[in-house]
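Notes follow the structure.
The values are calculated or read from the model by the stated rules, or taken from the named source; none is laboratory data. This is a predicted model, so every value here is computed, not measured. Cβ: placed from backbone, ideal geometry, glycine included. Neighbour counts: every protein chain shown.
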């Protein structure tokens, strides 16, 4: 059995893929996403959109809750570069008529390399309420436009669900991992089998005492689910 931990707002594609695969699965969201009203300071940044060298979207949620604001302030036929962290985020931007570039590696380090190569000195990041990891990878001036927040769910049945033999849990980010750890008994942690979207998540899982954690070929739904199905078949 595969447990899909995606928040409901982002789970339709992964649930469809799991349904088509024929694998037994449960959708058990460990987080939920809520839009938030931008502050006056954030809106003032959009009023000066031309002062930035590039716009960055760090997630599909950033597009869902932030792209409409950008559209209001972005001049018609603007050539301001837009960077999407991955293919799914790029597709979401396409739906708003916003063309974007995607780094070769779908993570913050990949975006940083793109920024540094293009010599962008000042960028505006559409993101949630947490400081983006991108700030760790570049010396360029990075400002944020916070438009959503990710809240923890309280999955009361999670410990019971994970007692089933052969359960494989999809973990897309650190916050989801932390919710999982906080809702599983200590004796169960070492028995869990995870598929992680990045090496950073895997390393954090090991620190929590989780011994079986496979990194997917990539962070997208298809890659995560492919890895989970391969593990389930072994």
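With (1) surrounded by 14 or more Cβ atoms within 10 Å (Cβ to Cβ); (2) closer than 29 Å to residue 174 by Cα; (3) out of contact with any helix residue (DSSP H, G or I) (no Cβ under 6 Å at 6 or more places or on another chain) as the list, and residue 53 as the residue in question, which single condition is left unmet?
(2)
Which of the following residues is over 30 Å from residue 155 (Cα atoms) and crowded, with 21+ Cβ neighbours inside 10 Å: 111, 2?
111
Within the stretch 194-212, is there a residue that is under 30 Å from residue 40 (Cα atoms) and not assigned by TED's automatic domain parsing to the domain that holds residue 67?
There is no residue in the stretch 194-212 that is under 30 Å from residue 40 (Cα atoms) and not assigned by TED's automatic domain parsing to the domain that holds residue 67.
Give me the residue from the stretch 119-136 that is buried (at least 18 other Cβ atoms within 10 Å of the Cβ) and more than 15 Å from the chain's Cα centre (by Cα) and, out of that set, nearest to residue 63 (Cα to Cα).
124
Looking only at the stretch 169-181, decide whether some residue is touching a residue at least 12 places away in the same chain (Cβ under 8 Å) and either exposed (fewer than 13 other Cβ atoms within 10 Å of the Cβ) or over 30 Å from residue 63 (Cα atoms) (or both).
Checked against the condition, which is being touching a residue at least 12 places away in the same chain (Cβ under 8 Å) and either exposed (fewer than 13 other Cβ atoms within 10 Å of the Cβ) or over 30 Å from residue 63 (Cα atoms) (or both), the stretch 169-181 yields no hits at all.
Can you tell me which residues in the stretch 66-95 are surrounded by 14 or more Cβ atoms within 10 Å (Cβ to Cβ) and farther than 15 Å from residue 46 by Cβ?
81, 83, 84, 85, 86, 87, 88, 89, 90, 91, 92, 93
So that you can scan it fast, the table gives a plain yes or no per residue for (1) out of contact with any helix residue (DSSP H, G or I) (no Cβ under 9 Å at 6 or more places or on another chain); (2) within 14 Å of residue 30 (Cα to Cα):
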residue	(1), (2)
153	no, yes
159	no, yes
162	no, yes
171	no, yes
175	yes, yes
183	no, yes
186	yes, no
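When the stretch 80-127 is examined, which residues are found to be in a loop (DSSP other than H, G, I, E, B), touching a strand residue (DSSP E or B) at 6+ places or on another chain (Cβ under 8 Å) and without any contact (Cβ under 8 Å) to a residue 60 or more places away in the chain?
80, 81, 85, 98, 99, 100, 102, 103
Against the condition under 21 Å from residue 201 (Cα atoms) and surrounded by 13 or more Cβ atoms within 10 Å (Cβ to Cβ), how does residue 145 come out, does it pass?
Spelling it out, it is not the case that residue 145 is under 21 Å from residue 201 (Cα atoms) and surrounded by 13 or more Cβ atoms within 10 Å (Cβ to Cβ).
Working carefully through the options 42, 11, find the one that is touching a residue at least 40 places away in the same chain (Cβ under 8 Å) and crowded, with 16+ Cβ neighbours inside 10 Å.
Being touching a residue at least 40 places away in the same chain (Cβ under 8 Å) and crowded, with 16+ Cβ neighbours inside 10 Å holds for just one of 42, 11, which is 42.
Scan the stretch 70-79 for residues that are outside any helix (DSSP H, G or I) and under 17 Å from residue 145 (Cα atoms) and jot them down.
74, the sole residue that qualifies.
Which is under 19 Å from residue 95 (Cβ atoms) and over 17 Å from the mean Cα position of the chain (by Cα), of 41, 16, 53?
16
Is it the case that some residue within the stretch 202-214 is out of contact with any helix residue (DSSP H, G or I) (no Cβ under 6 Å at 6 or more places or on another chain), in contact (Cβ under 8 Å) with a residue 24 or more places away in the chain and not in a helix (DSSP H, G or I)?
Among the residues of the stretch 202-214, not one is out of contact with any helix residue (DSSP H, G or I) (no Cβ under 6 Å at 6 or more places or on another chain), in contact (Cβ under 8 Å) with a residue 24 or more places away in the chain and not in a helix (DSSP H, G or I), which makes the answer no.
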